[in-house]
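Data first, discussion second: the structure below is written as structure tokens.
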Amino acid sequence: MADSKPPYKLIGQNYTTPDLVAKVTGKARYAEDFRADGMVFVKLLLSPRPHARVVSVDASAALAMPGVHGILRASDFPAPPPPPGAPPRPAGAPGAPAPPAGAAPAGAPPAGGVAAPVAGAPVAAQSGAQRATPATAAANTTAAPPAGPPLAAEIALTDEPLYEGEPILAVCADSEELAADAIEKIHIEFEPLPFVIDPLESLRPGGPNGRTEGNVFAAPNMKTLKWTAADMAMIDQGKFPSGAEAIDNLSIGDIEKGFKEADLIIERDHQQQTTPHMPLESRTAMAFWKNGKLYLHGSTQSVARTVAALAGWVGIKQDELVLISEYTGGGFGSKIPGAQTMAIPALMSKKLQGRPVMMRISREEETYIGRTRPGYTGWVKMGFKKDGRVTAIDAFLIEQSGPYRRQGDNATTANLASLCYQVPNMRFRGISVATNTPPPTSQRAPGGLQAGVLFEPMISEAARKLGVDEVAIRKLNGPSGQAVFGLLPPLPPGAPVPANRPRQKVTSAFINEALDKGAAMFNWEERKKRSGQRVGSKITGVAVATGAYTAGSIGVDGLCIVQPDGKLIIHQGIGNLGTHSLSDTARVIAEMVNMPWEQCEVVWGDTSKGLPWSSIQAGSQTTYAHTRANYATGMDLRKKIQEIAAKDMGGKPEDYDMANAKVFRKGAPGGRSMTFGKVAERAIQLGGVYDGHEVPKELNAMTKGAAASLVGMGLMGVARDNLPRDGQTYSFLAAFAEVEVDVETGVYTIVDYLGVADVGTVMHPHSLGGQIHGGGIQGIGHVRSQKLVYDPHYGAALAKRLHHNKPPTMLDIPLKMEWAAVELPDPSNPIGAKGIGEPSIGGGGAVIMCALAAAVGDGVLRRTPVHPEMIATALANGGKPTYEPLTSFI
Amino acid sequence: MSQDGMADAPGLQPGVSRRNFIKSVIAAGATVGASAYLFRTTIMGQNDSNLPGSVERLITLDINGQQRRVDVLKNETLASTLRYKLGLTGTKIGCDRAECGACTVLVDDVPHYSCSVLTHTVRGKKIVSIEGLAKPDGTLHPVQQAVVAGQGFQCAFCMPGFVMATAGFLKTNPNPSREQLAHGISGNLCRCADYNKILDCMMHAAELSRGA
């Protein structure tokens, strides 16, 4: 940072993001807002069953309707890459639509003479009715991996629906209504298969398996795990069988020793619900083909990092795709690289010789296919010393993992506990149970929100029981500096235990400073005296909680051009999902060359415009990753401006400084100078590294392609983030809240909420406040109202809309909320910035659980969401929980 | 309390209690099935205007101060007409029906969920969508100005609905308390949950509106 002089001119200031006026005037175009000549529409046929095999499909009546253009089945999709070590998928046949009479059988010899993996299998009989399961394929090869059959990866359409609402086929017609009418005329015969909604039922001896391959995910595939009758008898008595068999095991230290040292032990059964992401914009997409390229208007969180995924789903090369996504109506993890279903209009359009195809996804469809946060059923035991120090944690968390893969939120939850409480002895055991429910993926702080809601009320309970202040107990246990954390997998049997097995460490942790700042702002010492006090029918609960999550990655690229017209054009491969990181991090380049923001433009959201390689817009990585990349890019640009100035005006490059789009001798801004426009002209004359003819070899191929498309346009700044980093970057949040619980009705009001973030240097206050509060309120929604519900008998989804699993409204939160940041820079980032999107949510959910416990008693509320009747009934029963976490799943 | 015994939210426009609103929606025949979310392009043989109960299809609508001639099916919602017939895609559809408010437009100055209003019921009424809020010379409406000044909203998919709901609310209560305003626009969901900043912006919008 030798060349820049904090305090910054742009960083840390409020400004208007370059997309805002378009948004507020209705000009901003999201995927569904695009139209094209001749556009036709697809509708999806969704599975009415939670698990079944498609035996036959008769679409003849539908396809005979005038205005109906075609049907898409699973077999129309390219095979996803097989899992490591897995034999290749059988070619052709699986899931193919019934071929017309006389046509060559699906599953004809594979093109290119690839060794047939299923030689001898009755290929011709493999109609959609008799899908060759991967198990069959594996059984026919000698190279089957020892761990079991390979799992079929999820593709956009399927012939073995694994959850109600999974898309089976798509029909294209002149209108949506016509496509929907055509779907009504399709006859499908299903063979019902066993299904699982409640993970515990699947662990019961004789209980159903969510997949034909097994019931639990065990790397690399699946296995069948049933608990003993004795284990299940404990569950039936409402007691978690903490000695039962697990799949995932991680640990550190010696928990037996840790519990021996403890003066207080708290043990808790616990359940959290599954929630849908529900971004307000569904995963709509529109596609057409032109000149051999696919043009796709989609809704995605990331742009640069959606290209490879989408090209793979469609089965084309990356340079055959133009992705346009300038505005995305939220994602929260559900659209990290877009959505697999974007391939549906793309492939349908291909079938129709490139005709534009629109696929609108309704709210109900979005709730089915739009991904979820996995629910937990579990048990935790924590040991504390008298002073509040956590001595040991033992956690057993069963995750409702959906049908396709281990989600792993539960292991993340455990790792975060090891970070947040710096516990020397900890064990995590987990099972990711296959369930026939909408598939999970990362939802804003996957495992992080659950960690706060699970552990933080136990910390508060310990503080109450030990007579320790609730802020003090968190400071006592919390991380600071480059705190070490993380759990380790078990060693192979008989292996010697190495002296220092490597664990992770953070690049910075200022949670204690956040707690101090928050306590002062919240007037903690005074307000905590009110906690638990009753006035009339209302009890006040006052609480504090902390949250943490990853907050940055490294190694991405930046790209910018100073044009001869004097403008600085900053290219960003970042998606515009609403976090403002797209433009907040662009400002770093402007800052480095002291350029007025008004003379800068940001280019984003269209891969034909030359976008550099980016981080994914997930994991709260972007602000950290792209302040680094754009710092490197800004320094590259600065150096080149200085070099050109020295060439033309004499002296050495380091003699030159710059401001207001001019470069001049240091200390002499009024003397001889060159405008950036002139510098750009000279760069074009000089060529080489200056105008993009030569770029660093280390750049990602996407950045190289983008630079090549911009060669000769002006002075190019381009760089990869090669800056060092020692550790993993995490951000932290201290949350404070006050609730008021009506003990007669159970209705509770959140009176006040304060979030204080350790996010390093503040980039954009308006945006940071929005993230701290927005995350906090989403955490509140998890605790208060959101939930997917199923009929356990039929596996049918009952909550399919916003009203059924309602996110918070303006009236469910405090009328006025405050926020702050500790503003201590992260030493591993040249700007000092860290991410905030996810660290904000866990503290928000946790602090409401803690405040409710402060009002109604510890251990009364052991599952979420907390509805008023749960409180009222529990209090009427002397504090006995209304729902047993283990015996009442729904 | 309003006459029908339901509590008016503080500051709610007189006469539009929730129950009255629901009644009016039902009276307007807006409780259509899921097919309302679908729309039909013009196809030979698909024209149902000869069916019993059909209505005149080519109608004139007063939208954003312009008279627009448009071919409207009898089961077509205002959101569909705006977005898919008139190209006014600033109005967003966030849910299947009347849950999120992203499609809010003004009908004779009153905010309506346009996904739950049949287009045929608004003939002769003045409709304003997000595209019609700024002046023809581009000067932003005070609500829009306040959003820009305060960097309101995140993904902004809900923004057009919120802006229209606020613009409508401020016409009936130009000087609301924060609580009144929150009640007045609480029928709009923001999934990014940027509510605190939205309310900050909208309180500023009320100030700007009064000054304008």
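If you keep only loop residues by DSSP, which trypsin sites (Lys or Arg not before Pro) in region A:287-348 have at most 14 other Cβ atoms within 10 Å of their Cβ?
Details: sites: A:Lys290, A:Lys293, A:Arg305, A:Lys317, A:Lys335; in loops: A:Lys317, A:Lys335.
Within region A:287-348, the qualifying trypsin sites (Lys or Arg not before Pro) (loop, at most 14 other Cβ atoms within 10 Å) are A:Lys317.
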Under 20 Å between alpha carbons, and skipping anything fewer than 8 positions from A:Lys517 in its own chain: which lysines qualify?
A:Lys475, A:Lys528, A:Lys529, A:Lys816, A:Lys834
Cβ density ranking, 10 Å radius, fewest first, applied to A:Leu577, A:Leu568 yields A:Leu568, A:Leu577
Which trypsin sites (Lys or Arg not before Pro) does region A:154-226 hold that lie in a coil by DSSP with at most 16 other beta carbons within 10 Å?
A:Lys185
If unit charges are put on Cβ atoms (+1 for Lys and Arg, -1 for Asp and Glu) and the dipole of chain A is taken about its Cα centre, the option from A:Gly494, A:Gly518, A:Gly687 lying farthest towards the positive end turns out to be A:Gly687
Distance between the C-alpha centers of region A:667-693 and region A:201-270? Whole Å please.
66 Å
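Between rounded, prolate and oblate, where does region A:492-579 land on the alpha carbon gyration tensor, with a ≥ b ≥ c its root eigenvalues, rounded for a/c under 1.5, else prolate if a/b exceeds b/c?
Oblate, since a/c reaches 1.5 and b/c is not below a/b.
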Lysines within cross-link reach of A:Lys257: Cα-Cα under 23 Å, excluding same-chain residues under 8 positions apart?
A:Lys381, A:Lys385, A:Lys386, A:Lys465
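As a check on your grasp of the helix formula, calculate [θ] at 222 nm for the protein assembly as shown: sum -39500 (n - 2.57) over DSSP H runs of n ≥ 4, divide by the residue count, round to the nearest 500.
On the way: 28 runs with 288 residues, N = 1102.
That calculation yields -7500 deg cm²/dmol at 222 nm.
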Based on alpha-carbon atoms only, what is the radius of gyration of region A:265-422 relative to the globular estimate 2.2 N^0.38 Å?
1.40
Taking just the alpha carbons, could you work out the radius of gyration and Dmax for region A:603-654, both in angstroms?
15.6, 47
Let me know the charge dipole size of region A:389-499 about its Cα centre in debye, to the nearest 20, where only the beta-carbon of Lys, Arg (+1) and Asp, Glu (-1) is charged.
100 debye
Using 5 Å bins from zero, what percent of all Cα-Cα pairs in region A:760-861 falls into each bin?
3, 11, 15, 17, 16, 13, 11, 7, 4, 2, 1, 0
Treating only the Cβ of Lys, Arg, Asp and Glu as charged (+1, +1, -1, -1), what charge dipole size does the protein assembly as shown show about its Cα centre? Round to the nearest 20 debye.
920 debye
Net charge near A:Met348, counting Lys/Arg +1 and Asp/Glu -1 over other residues with Cβ under 12 Å of its Cβ?
+4
Contact order normalised by length for chain A, with contacts defined as Cα pairs under 8 Å and 6 or more residues apart; what percent is it?
14 percent
Among A:Gly331, A:Thr367, A:Thr377, which residue has its Cα furthest toward the positive end of the charge dipole of region A:320-440, with +1 on Lys/Arg Cβ and -1 on Asp/Glu Cβ?
A:Thr377
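Given Cβ point charges of +1 (Lys, Arg) and -1 (Asp, Glu) and nothing else, what value in debye, to the nearest 20, does the dipole of region A:349-429 about its Cα centre take? Could the numbers behind the result be given before it?
Details: 15 positive and 7 negative charges, 54 e Å.
My answer is approximately 260 debye.
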Based on the alpha-carbon gyration tensor of region A:480-542 and its eigenvalue square roots a ≥ b ≥ c, which shape applies: rounded if a/c is under 1.5, prolate if not and a/b is larger than b/c, or oblate?
oblate
Surface/4 of the Cα convex hull for region A:434-532, nm²:
11.3 nm²
Have a look at region B:139-212 and give its Rg and Dmax from the Cα atoms, expressed in angstrom.
10.8, 31
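Of A:Lys23/A:Lys787; A:Lys223/A:Lys350; A:Lys27/A:Lys293; A:Lys704/B:Lys92, which pairs sit farther than 32 Å apart, going by alpha carbon to alpha carbon? Could the numbers behind the result be given before it?
On the way: A:Lys23/A:Lys787 30 Å; A:Lys223/A:Lys350 39 Å; A:Lys27/A:Lys293 27 Å; A:Lys704/B:Lys92 37 Å.
Long pairs (Cα-Cα over 32 Å): A:Lys223/A:Lys350; A:Lys704/B:Lys92.
In terms of the ratio Rg/(2.2 N^0.38 Å) built on C-alpha atoms, what value belongs to region B:133-172? Let's see the in-between values first.
On the way: Rg = 10.2 Å, N = 40, 2.2 N^0.38 = 8.9 Å.
Rounded to two decimals, the normalised Rg is 1.15.
Step by step: find N for region A:151-223, compute 2.2 N^0.38 Å, then divide the Cα radius of gyration by it. What's the final number? Walk me through the numbers on the way to the answer.
Working: Rg = 16.3 Å, N = 73, 2.2 N^0.38 = 11.2 Å.
Region A:151-223 yields a ratio of 1.45.
Counting only GluC sites (Glu not before Pro) that sit in a DSSP loop (anything but H, G, I, E, B) with at most 16 other Cβ atoms within 10 Å, what is the longest stretch of chain A containing none of them?
Excluding the exposed sites themselves, the longest stretch runs over A:246-693.
Tell me, what is the FRET efficiency for A:Arg527 and A:Arg503 to the nearest 0.05, using R0 = 51 angstrom and their Cβ-Cβ distance as r? Display every interim value, and only then the final one.
Values: r = 37 Å, r/R0 = 0.73.
Working from the Cβ atoms, E equals 0.85.
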Would chain A count as rounded, prolate or oblate if I go by the C-alpha gyration tensor, calling it rounded below 1.5 in a/c and otherwise prolate when a/b exceeds b/c, oblate otherwise?
oblate
Region A:380-492: relative contact order in percent, alpha carbon pairs under 8 Å with at least 6 residues between
33 percent
Residue among B:Met202, B:Gln154, B:Asn188 farthest towards the positive dipole end of region B:58-212, charges placed on Cβ
B:Asn188
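Where a number appears in this text, it was derived from the coordinates with a stated rule and is not lab data. Since the structure is predicted, the reported quantities are computational estimates derived from the model, not experimental observations. Methodologically, a virtual Cβ is constructed for each residue, glycine included, from the backbone with ideal geometry; neighbour enumeration extends over all protein chains shown.
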